[in-house]
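One structure is given below, encoded as structure tokens.
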Amino acid sequence: MFRSPYALGRRSAALLAMTALALTAAASTASATPRGPAAPAAVRTDGILVQGWFYNETTYSLTLKAEHLCCGVTWNPRPPDHIPPRTMVTWIARPGPGANSGYVTYTVDRTGGQGYAYMSWTHAVGGDFAHDVRAGGLFTIDYRHFYNDDTFYFRCQIPTC
């Protein structure tokens, strides 16, 4: 059974709290440091971070076919090149200026090109969001959206796969 990405143990929650505290301290220290005229201007990142969670609930492996981000958004980490059967993977689209939008497409191995999974998203700065999810062959894909997290469930339509 897959574990929900929202279920954090005490150790993970404590690590997250320490990381947030360290980032806050670093930001306040950095803003207190005087900058000379030669200091480069900081790049604005008004967008929001989007994390994709992908659950492959089939007995098939998937291979990355294409991935793309718009508007100065960057991957960290990137979508994996290969997703084994019955596993969960994640990717993060780091914010750039404006909306965070992109897509990921996987092909399903051993389906003769018939199976695929396509997921696209747009998360605007004001909180609006849009998704387009499609699957081909004997497969379906469902998604759940919760704030910055998009969770995709890739399943087979017949019980034998």
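Before moving on, here are some points about what is shown:
- For THR111, no residue 5 or more places off, or on another chain, has a built amide H under 5 Å of its own.
- Our summary of shape: the Cα atoms of region 90-161 have principal axis extents of 43, 20, 18 Å, ordered from largest down, in whole angstrom.
- In this simple spin-label approximation, VAL125 and THR111 carry label points 7 Å from Cα along the Cα→Cβ vector, and these lie 3.8 nm apart.
- With all protein chains modelled, accessible area of ARG144 [1.4 Å, Å²]: 130 Å²
- Spin-label pair HIS145-THR90: with each label point 7 Å from Cα along the Cα-Cβ axis, the two points sit 2.1 nm from one another.
The values are calculated or read from the model by the stated rules, or taken from the named source; none is laboratory data. From a predicted model like this one, the values you see are computed outputs, not experimental measurements. Positions of Cβ are generated from backbone atoms using ideal geometry, with glycine treated the same way; all protein chains shown enter the neighbour counts. Protein only, heavy atoms only, side chains kept; ligands, DNA and RNA dropped before computing areas. Shrake-Rupley method; radii C 1.70, N 1.55, O 1.52, S 1.80 Å.
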